[in-house]
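Engineer: Please see the structure below; I have some questions.
The values are calculated or read from the model by the stated rules, or taken from the named source; none is laboratory data. As the structure is a prediction and not an experimental result, all values here were calculated from the model. For neighbour counting, all protein chains shown are included, and Cβ atoms are generated from backbone atoms with ideal geometry for every residue, glycine included. Ligands, DNA and RNA are excluded from the accessible area calculation, which covers all protein heavy atoms including side chains. Shrake-Rupley method; radii C 1.70, N 1.55, O 1.52, S 1.80 Å.
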Amino acid sequence: MRRERFEKLVSAMQREGIDGLVLLGTGAVSYATGAAYPGCDSSRSVLDRPVAVVAPGEAGPHLFTSLPDIAPEGADGLVHATASPECDEGAAALAEFVSDLFPAGARIAFDDVPHPLRRSLGSREVVAAAGVLGAAKICKTVDELACIRRAQAVNEAAMLDVRPLLEPGVRQTDLTAGFVRRIFELGVSANCIDPIWQPMPERLAAGPWTTHGDVAFPVGSTDAFLRYGDVVWVDTGVSYEGYASDFGRTWIVGRDARPTPRQESQFQRWTEVMGAVLDCCRPGVSALRLCRAATEANGGSRPWLPHFYLAHGVGTESAEMPLIGSDLGEAFDESLVLQPGMVLVLEPVIWDDGAAGYRSEDIYAVTDTSWTPLSSHPFDPYGIR
Amino acid sequence: MSGDTDLGLLAPRDGGRVDFAELRSQRRQRLVASMRDDGADLLLLGRPSNVAFASGARQLWTSGFRPYSPGCVVEAATGRVHLLSTWDSGVPAEIGHEDLFGLTWNPSVYAQRLKAAVDGYAASLVATDGWSVAGEQIVLAAVPEAQVVDATPILRRARDNKSPAELFCISTAASIAESAMSVLAALLTPGITGRQLQGGYAAAIASLGAPTPPTEAVAWTAGDPADPAGRPVRVALDRVLRAGELVAINPGAFYAGYEAGVGRTFVVGGTRRTGQRELQERCREALDGVISACLPGATGADLVAAWDSAGVGPSRDVLARGVGLGAEEPVIGPGRGSRELLSEGMVLSLEGWAAEEGVGGVLEQDVVAVGGDGPRVLTRYGRGVGGS
């Protein structure tokens, strides 16, 4: 898997006329090197960050880290002490490493350049790495799909154990405690996001206020009590060997609580939207067509949140390309054509003002002819007849 | 801190011990004063901890670091703060709806929204806390005429010296970290796995209402005996710990965004061998020497010298680093941060590691506030308390 990713990066570099990559973002480093970094606050990730340098002629990617044991096996000679590009000394050393590795005038792409590193690079041209990373990452190999499937399976298994905790008076942070204990016991590498257990208002007018007048989600968790009958939108994500899962369901607080017929019909509508999208999901179809199928199945209005998308990819980032139905616009969606190996986290939202709404997420990989699911989890308490 | 109690359920009703509106206001005043010192008109912040410092907003936590793009704008002339947030949940009242701009995936929409936020505000010098190709395009589209400089000196002056309220938040974070330490110490029995420790740690801090960890890397042992530096290695999740091993545990936690962590070393199964006890005592003494050196006016080099003089071997890469709203500068260790100058109100996490072949490795970590009347240790776990 690491070898295939390295080859994909190198061929994307050649297509884009890039001679080298210097990567500082956690997900990008993980993709380039296979280093599965422990979950970390962003402030720590800045001051103690792993750095990857990719040069096509080398045996593999160079990894700079304070945690040498996170380097995969077989990376001998390519693992270096932490680079510290946040301080002038560290930035100068990294710039010198880059200068030694690549000839003057080489086009080097960076994903992020802290000011000290920018100063150390002097007059060297700095090119964006986003194009190379996007091209390499968008279609997953069989092994990458297996990692996503594994991350998702563990995430789902942990959620089965959390679900019974959803009783009146439970705090969001209590649900988180139950969840994080189980994900580690069951086998993840890291937790990716502070778990979301958001009680949804019946009406938008109840708030939170939003810039676009639509639903606020996901709002960070607190230690407030959840109450009987709260409609709770759940969103969690973990990582396995650097690959993220994405779990989304709608739950109702209370072991005997059931959706009203109106809420149940929201779920039915969500199911119809998912069916309509999957019916046209196969290689060669544009993302715009999926958006139109979803909108048509929802009676003409877009069944997703305006600040998000109908679907997003997942990989070493919890949301990455392909973004489908985002504010990149219809022309972008039309140009985005499904290919085998793309991963779609479909997350339609059915909002029904006065009775909250329904949101769940499921993950599909585009195959040579259609699609295959990477997620499988019950919809309780919805859809039970 | 003797006599202090930490916040509990009744804190909101009883007023708590921190006036958070006042805390945010003080932080913004420090930031704006620091901007004016450097003649910066606008601050365009991307890093979550800087955004939290400037805005006071509680935003969704995600793990790891993402490339720079501006998510918070501070105007020096007015003190006004604009924030990238699609909703007002978690946003303090002093940041109005008119100061919020919504999330977008589209760089040109992003630039338009940023431009609209600062429309009519004259800015010739703009400071940013990061740089990326895409970020620069957004910044230059919003403030095309401005000169862009590094915001680090501005942020350091505003963030380094903590107020008493900030110290109280850090102490509260220490109490959460110490609770996790207590849980983890009890778990350290032969046969326990890295996974069980990790799960126990994550659950312990979450159940106290503080789920997001400074880092999940919480358990360490001495690494390769052939490594001359004897560096610590994170306990792999699938590793089974054996009776008699030295295991270093360093849980951390956040309270109201402020971080603290504590590190101690235990023997799996409980009974220390003589060599282990001696190594631990020497490491403790060495770290206490570094704590004593944490005085206003001391340099990073002074701290490293204090460690070296104890004769327990070289410090690992990081001997001291700032804590506040998460990990902060300075970062001090061999070959790094030697010219950093300590000042009153600075809070440092001091991390001493000593290893010996055949014995194992020992970590002692404490959080220390640099005070005018000497260093004040904010962590307590395992230390003599009660005036001894």
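Engineer: How well do other chains shield peptide A:27-36, expressed as the mean number of their Cβ atoms within 10 Å of each residue Cβ?
Structural biologist: 1
Engineer: Please report, in debye to the nearest 20, how large the charge dipole of the protein assembly as shown is about its Cα centre when each Lys and Arg carries +1 at its beta carbon and each Asp and Glu carries -1 there.
Structural biologist: Approximately 900 debye in magnitude.
Engineer: Under Stokes-Einstein, with the Kirkwood radius over Cα pairs standing in for Rh, what whole-number D in µm²/s applies to the range B:254-310 at 4 °C and 1.567 mPa s?
Structural biologist: In µm²/s, the coefficient rounds to 95.
Engineer: Same structure, new question: With labels modelled as points extended 7 Å from the Cα through the Cβ direction, what inter-label distance (nm, one decimal) is found for B:Gln112 paired with A:Thr372?
Structural biologist: With each label point 7 Å from Cα toward Cβ, the separation is 4.2 nm.
Engineer: Counting only protein heavy atoms and rolling a 1.4 Å probe, how much accessible area do B and A lose on contact, total for both sides, in Å² to 100?
Structural biologist: So the buried area, both faces added, is about 5900 Å².
Engineer: Still on this structure, please answer the following. Along the charge dipole of chain B, pointing to its positive end and built from +1/-1 on Cβ of Lys, Arg, Asp and Glu, which listed residue (B:Val91, B:Ala77, B:Gly199) has its Cα farthest out?
Structural biologist: Checked the options; the winner is B:Gly199.
Engineer: Hey, another quick one. Assuming 1.567 mPa s and 4 °C, estimate D for the range A:313-385 with Stokes-Einstein, Rh taken as the Kirkwood radius over Cα pairs, in µm²/s.
Structural biologist: Once the numbers are plugged in, D ends up at 91 µm²/s.
Engineer: For the range B:77-160, what ratio Rg/Rh do Cα atoms give with a Kirkwood hydrodynamic radius?
Structural biologist: My calculation puts Rg/Rh at 0.96.
Engineer: Please report the orientation-averaged projected area of chain A, defined via the convex hull of its C-alpha atoms, in nm².
Structural biologist: 19.6
Engineer: If one takes the longest principal axis of the Cα atoms in chain A, at what angle in degrees, from 0 to 90 and to the nearest 10, does the Cα axis of helix A:287-297 lie?
Structural biologist: 10
Engineer: Obtain the radius of gyration and the Kirkwood radius of the protein assembly as shown from its C-alpha atoms and give Rg over Rh.
Structural biologist: 0.95
Engineer: Is it possible to state the helix-based mean residue ellipticity at 222 nm for the protein assembly as shown, with each DSSP H run of 4+ residues giving -39500 (n - 2.57), the sum divided by total residues, to the nearest 500 deg cm²/dmol? What is it?
Structural biologist: So the helix-based figure for the protein assembly as shown works out to -10500 deg cm²/dmol.
Engineer: Give or take rounding to whole Å, what are the principal axis extents of the alpha carbon atoms in the range A:232-372, in descending order?
Structural biologist: 43, 39, 27
Engineer: Sticking with this structure for a sec: Farthest toward the dipole's positive end in the range A:245-385, which of A:Gly299, A:His312, A:Val343, given Cβ charges of +1 (Lys, Arg) and -1 (Asp, Glu) about the Cα centre?
Structural biologist: Toward the positive end, the furthest listed residue is A:Gly299.
Engineer: May I pose another question? Compute the angle between helix B:20-37 and the longest alpha-carbon principal axis of chain B, please, reported from 0 to 90 degrees and rounded to the nearest 10.
Structural biologist: It is inclined by approximately 70 degrees.
Engineer: If you place +1 on the Cβ of every Lys and Arg, -1 on the Cβ of every Asp and Glu, and leave all else neutral, what size is the dipole of chain A about its Cα centre, to the nearest 20 Debye?
Structural biologist: In debye, rounded to 20, chain A gives about 600.
Engineer: Please turn the phi angles of the range B:150-160 into ³J(HN,Hα) values with the Karplus equation 6.51 cos²θ - 1.76 cosθ + 1.60 (θ = phi - 60°), one per residue in order, whole Hz, x for glycine and proline.
Structural biologist: Result, ordered by residue: 6, 7, 3, x, 4, 5, 4, 4, 6, 9, 4 Hz.
Engineer: Quick check for me: using +1 on Lys/Arg Cβ and -1 on Asp/Glu Cβ, what's the dipole size of the range A:69-215 about its Cα centre, in debye to the nearest 20?
Structural biologist: Approximately 460 debye in magnitude.
Engineer: What are the extents of the Cα atoms of the range A:248-303 along their three principal axes, in Å, largest first?
Structural biologist: Its Cα atoms span 45, 21, 14 Å along the three principal axes.
Engineer: Still on this structure, I have one more. Per residue and in Å³, how big is the convex hull formed by the alpha-carbon atoms of chain B?
Structural biologist: 153
Engineer: Could the peptides B:156-162, B:260-266, A:251-257 be put in order, highest first, of the mean number of other beta-carbon atoms found within 10 Å of their residues?
Structural biologist: By packing density, highest mean first, the sequence is B:260-266, B:156-162, A:251-257.
Engineer: How about A:Lys140: which lysines have a C-alpha closer than 21 Å to its C-alpha, ignoring those fewer than 8 places off in the same chain?
Structural biologist: Filter leaves A:Lys8.
Engineer: Just need log10 I(q)/I(0) for the range A:138-221 at q = 0.13, 0.17 Å⁻¹, Debye formula, equal scatterers on the alpha-carbon atoms, no solvent, rounded to two decimals.
Structural biologist: Values returned for q = 0.13, 0.17 Å⁻¹ are -0.58, -0.84.
Engineer: Sticking with this structure for a sec: Short version: ³J(HN,Hα) in whole Hz for each residue of the range B:368-381, in order, from phi by Karplus 6.51 cos²θ - 1.76 cosθ + 1.60 (θ = phi - 60°), x for Gly and Pro, what are they?
Structural biologist: Residue by residue, the range B:368-381 yields 10, 9, 7, x, x, 9, x, x, 10, 7, 8, 9, 10, 3 Hz.
Engineer: Hey, what's the Cα Rg ratio for the range B:81-228 versus the globular rule of thumb, 2.2 N^0.38 Å?
Structural biologist: Compactness ratio reported: 1.52.
Engineer: Please arrange B:Leu237, B:Leu184 by accessible surface area, largest first, computed with a 1.4 Å probe and ligands excluded.
Structural biologist: In descending accessible area the options line up as B:Leu237, B:Leu184.
Engineer: To the nearest 10 degrees, how steeply does helix B:107-117 sit against the main Cα axis of chain B, on a 0 to 90 scale?
Structural biologist: Orientation of helix B:107-117: about 70 degrees from the principal axis.
Engineer: Right, here's the next one. Give the Kirkwood hydrodynamic radius (Å, one decimal) of the range B:24-106, defined as one over the mean of 1/r across all pairs of different Cα atoms.
Structural biologist: 13.1
Engineer: Alpha carbons only, please: Rg and Dmax for the range A:11-139, in angstrom.
Structural biologist: 13.6, 38
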